[in-house]
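Have a look at the structure below before the remarks.
The values are calculated or read from the model by the stated rules, or taken from the named source; none is laboratory data. Note that this is a predicted model, so its numbers are computed, not measured. Cβ placement follows ideal geometry from the backbone for every residue including glycine, while neighbour counts extend to all protein chains displayed. Please note that ligands, DNA and RNA were not included when accessible areas were found on the heavy atoms of the full protein model with its side chains. Shrake-Rupley method; radii C 1.70, N 1.55, O 1.52, S 1.80 Å.
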Amino acid sequence: MDMSTLITASELCIGYHNKGEHLQIHQHLNFSLRRGELISLCGPNGVGKSTLLRTIANLQSPLSGEIEVLGRQMVSYSEKELSRIIAVVLTDRANIGGLSVEEVVALGRQPYTGFFGRLSREDKSLVKSAIQSVGMADKTNRYMAELSDGERQKVMIAKSLVQECPLVILDEPTAFLDVASRIEISQLLHDIAHTQNKTVLLSTHDIEQALQLSDQLWLLTKDGLQTGSPEDLVANHKIDTLFEGRNVVFDEKTWTFRSKTRISSCTT
């Protein structure tokens with residue numbers, strides 16, 4: 001096995017179990033995640049992006065197929081073992097407004113200390129370093145309730161970093177953020193992947209930002225999953241599949257999306 005490969009999925013079928021029945025969303029999914037890369041998962045609403053992320057994160061079981069983590073079947077890992085390999089940042093807004101930045105980030109050490117464990121000197125050093133790495137050192141003692149949405153997201157990313165996991169999964173990390181904060185968070189995640197040799201997998205609706213910063217793009221549509229570098233997917237005209245049937249077209253010259261109506265009006 002390639003040592004840079006962290007996760008491999010073979011013939012994966014994702015969906016839900018409901019009243020004894022399988023509700024299938026996608027099948028025959030095959031992909032791999034490598035260290036040191038930022039991977040952006042893009043696709044229309046309701047296509048199954050969150051389901052795919054939750055399956056990779058072991059928050060729900062696949063309907064069939066296999067996921068290997070570091071060359072070993074995911075189902076053979078204990079929850080504690082996986083908590084040291086996969087860190088997850090969801091969009092759910094946890095009720096942690098009464099905790100300080102430092103206290104929230106320190107929660108990321110639970111896989112090593114236990115729920116009531118005391119932080120060692122090394123643990124505290126890791127917490128401090130993670131807070132600094134996301135640019136929140138000047139707000140270490142501030143309460144979460146006092147922070148902006150963008151600042152809270154940085155704290156949650158810092159919490160995932162102190163888990164010391166090779167894989168960080170984020171579901172819509174830039175949702176609800178203003179433009180400046182979206183750019184900051186996206187650049188931060190890109191830098192984390194490259195400087196800390198982590199695999200960062202995130203879902204996003206900001207496709208143009210994903211094209212600029214991602215090492216790999218995953219395009220999930222009703223027809224399945226397509227993966228590749230942004231350059232390859234653009235060259236092969238795969239980006240257009242994201243908005244089939246919509247009044248939107250991808251401009252390969254500018255790497256931006258434009259209205260078909262506006263383009264036709266400009267050329268007449």
Exclusive hit being within 19 Å of the chain's Cα centre (by Cα) and on the phi > 0 side of the Ramachandran plot, set LEU33, LEU70: LEU70
Tally of residues being part of a loop (DSSP other than H, G, I, E, B) and in contact with a Ser or Thr (Cβ under 9 Å, 6 or more places away or on another chain) across region 1-30: 2
Selection from region 1-22 of residues that are surrounded by fewer than 18 Cβ atoms within 10 Å (Cβ to Cβ), within 26 Å of ASP191 (Cβ to Cβ) and among the hydrophobic types (A, V, I, L, M, F, W, C): MET3
When ASN45 is run through (1) open to solvent by 20 Å² or more (accessible area, probe 1.4 Å); (2) over 30 Å from THR140 (Cα atoms); (3) in contact with a strand residue (DSSP E or B) (Cβ under 9 Å, 6 or more places away or on another chain); (4) of a type in the set (S, T, N, Q), the failure sits at (3)
Filter result for THR51 (outside any strand (DSSP E or B) and open to solvent by less than 80 Å² (accessible area, probe 1.4 Å)): yes
Condition met for ILE169 (farther than 25 Å from LEU29 by Cα, surrounded by 19 or more Cβ atoms within 10 Å (Cβ to Cβ) and modelled with pLDDT of 95 or more): no
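Here's the yes/no breakdown for (1) assigned to a loop (DSSP other than H, G, I, E, B); (2) open to solvent by 40 Å² or more (accessible area, probe 1.4 Å):
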site: THR55; (1), (2): no, no
site: GLN60; (1), (2): yes, no
site: THR91; (1), (2): yes, yes
site: GLY97; (1), (2): yes, no
site: ALA106; (1), (2): no, no
site: GLN110; (1), (2): no, yes
List every residue pair whose Cβ atoms sit under 6 Å apart, with the two residues 6 or more apart in sequence or on different chains, where the first one lies in region 26-39 and is among the β-branched types (Val, Ile, Thr) and the second, anywhere, is open to solvent by 80 Å² or more (accessible area, probe 1.4 Å). none
Residues ILE85, ILE25: which one is open to solvent by 10 Å² or more (accessible area, probe 1.4 Å) and farther than 22 Å from HIS205 by Cα? ILE85
Only one of (1) closer than 27 Å to THR174 by Cβ; (2) in contact (Cβ under 8 Å) with a residue 60 or more places away in the chain; (3) open to solvent by 70 Å² or more (accessible area, probe 1.4 Å); (4) not small (Gly, Ala, Ser) is not met by GLU102, so which one is it? (2)
Under 8 Å between Cβ atoms, at least 6 apart or on separate chains: pull out the pairs that start in region 196-208 with a residue that is under 13 Å from LEU220 (Cα atoms) and among the small types (Gly, Ala, Ser) and end on any residue that is open to solvent by 20 Å² or more (accessible area, probe 1.4 Å) and in a strand (DSSP E or B). SER203/ASP171
